[in-house]
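> I'd like to ask you about the structure that follows.
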Amino acid sequence: METGAEVSGQAGLAPYPVVEEVSSLLNRPADEIDASVSLGERADFSTRVSELNAKSAAGDPAAFYGQQLLLSRIYGLVTQLPEGPTAEGSIVVQEVLRQLEQATIAAEDGMLESGILDAAPAEPTAFLSWLKKLAKEHRVYKHPYYREFIRDQATADDLRHYVIQESVVDGRFDDLLAMMQVGTSGAAKMEIAENFWDEMGNGDPSQVHTHLFNQIYEVFDISPDELERSLTANALLSGNLAVLLCRYRNLYAEAVGFLGMTEWLAPDRFVQVVHAWDRLGLPDIGIVYHKLHITVDSRHAAGWFHNVVVPAAESERMRRAIARGTLWRLNSSARYLDERMPELASHR
């Protein structure tokens, strides 16, 4: 088994050297990488990434962390503007990326209840009701991490850690919407556009939602380097799933389910965060984002369901894919929240 130095984001876990070896390529020009990495080295990368994926699937927490950390770093090539050369477009890196993505997809699909996608009603409005019922009956719905711990027990340090973990989705929701809308048309494109324009502060730079979210970093003095070091494997997974589904056109319907459920669950969760923020007397500037999204996301979710989900649900293929993305969100969110409260998760 490969060993290495301790990973800060997952205390006590040792990363696999292949994670850092591939990561070291990411700030090199793509053509240079593809010209300098031999076929033998490419095969070696493939073998070791396959081993990493297999160990992750077998329940090795260090492998799961390394898998999601590397996937997150490679996704940074298409979600961040570079300051210099990058590996974007490299065949070598693309091969590793597809291995990581395929393993992540297989893991999420493996956690779906047998036959659940076949149970979806064919009539669009009945399908929407069925999706909401799935969520309400899922253990993630009104999870005690928010309604008990965050609301009434969390300290300022707990909220600081919470904000870091949430950054992988909330901190770039506008970019996720921008990626997923490519190729859409009609009511769906207009709904995504309206959602995106709200994220853009309706044209006011000071009200752009990612800017408002970043103000929380200022309250807690969180640096970009600390963000990656402190992310858990399940937090990284949440962000990776969002990018995966929004980036690929063949996974558009899954993105519809994933992001729609994200917005539908957010208002109740954010009410608890606001309560905790006020309870602790933290600076008002840091909670503007959450207060705003209590009302905005309720409206967005309603519009999303009726203008994006219902029209798409005329198609059996789209229904199955939307349900798949919805369940990926529910299941991954449940695991992410359970790990925040292990003493509760063991009794649920």
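> Look at the stretch 58-68 and say how many of its residues are more than 19 Å from the chain's Cα centre (by Cα) and surrounded by 15 or more Cβ atoms within 10 Å (Cβ to Cβ).
Here the count works out to 2.
> Which residues, taken from the stretch 150-169, are in a helix (DSSP H, G or I) and more than 22 Å from the chain's Cα centre (by Cα)?
Correct list: 151, 152, 156, 157.
> Being closer than 30 Å to residue 154 by Cβ, under 16 Å from the mean Cα position of the chain (by Cα) and surrounded by fewer than 19 Cβ atoms within 10 Å (Cβ to Cβ) narrows it down to one of 299, 335, so name that one.
Going through 299, 335 in turn, just one is closer than 30 Å to residue 154 by Cβ, under 16 Å from the mean Cα position of the chain (by Cα) and surrounded by fewer than 19 Cβ atoms within 10 Å (Cβ to Cβ): 335.
> Just to confirm my filter: which helices (runs of 4 or more DSSP H) fall fully inside the stretch 239-348 and include at least 3 residues that are among the small types (Gly, Ala, Ser) and at pLDDT 95 or above?
By residue number, 252-280, 316-340.
Every residue, every condition in (1) within 16 Å of residue 234 (Cα to Cα); (2) in contact (Cβ under 8 Å) with a residue 40 or more places away in the chain; (3) among the hydroxyl-bearing types (Ser, Thr, Tyr), yes or no:
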position: 30; (1), (2), (3): no, yes, no
position: 44; (1), (2), (3): no, no, no
position: 50; (1), (2), (3): no, yes, yes
position: 63; (1), (2), (3): yes, yes, no
position: 73; (1), (2), (3): yes, yes, no
position: 79; (1), (2), (3): no, yes, yes
position: 85; (1), (2), (3): no, yes, no
position: 99; (1), (2), (3): no, yes, no
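> Further question on the same structure: In the stretch 170-203, how many are in contact with an Asp or Glu (Cβ under 7 Å, 6 or more places away or on another chain), closer than 15 Å to residue 263 by Cβ and outside any helix (DSSP H, G or I)?
Number of matching residues: 0.
> Could you please find all residues in the stretch 22-36 being surrounded by 13 or more Cβ atoms within 10 Å (Cβ to Cβ) and in a loop (DSSP other than H, G, I, E, B)?
25, 26, 27, 28, 29
> So, in the stretch 179-193, of the ones that are buried (at least 17 other Cβ atoms within 10 Å of the Cβ) and touching a residue at least 60 places away in the same chain (Cβ under 8 Å), which residue ends up farthest from residue 213 (Cα to Cα)?
184
> Residues in the stretch 221-231: is at least one buried (at least 21 other Cβ atoms within 10 Å of the Cβ) and either within 21 Å of residue 69 (Cα to Cα) or at pLDDT below 90 (or both)?
Yes, some residue in the stretch 221-231 is buried (at least 21 other Cβ atoms within 10 Å of the Cβ) and either within 21 Å of residue 69 (Cα to Cα) or at pLDDT below 90 (or both).
The values are calculated or read from the model by the stated rules, or taken from the named source; none is laboratory data. These numbers were taken from a predicted model, which means no experiment stands behind them. When we count neighbours, we look across all protein chains shown, and the Cβ atoms used for this are built from the backbone with ideal geometry, even at glycine.
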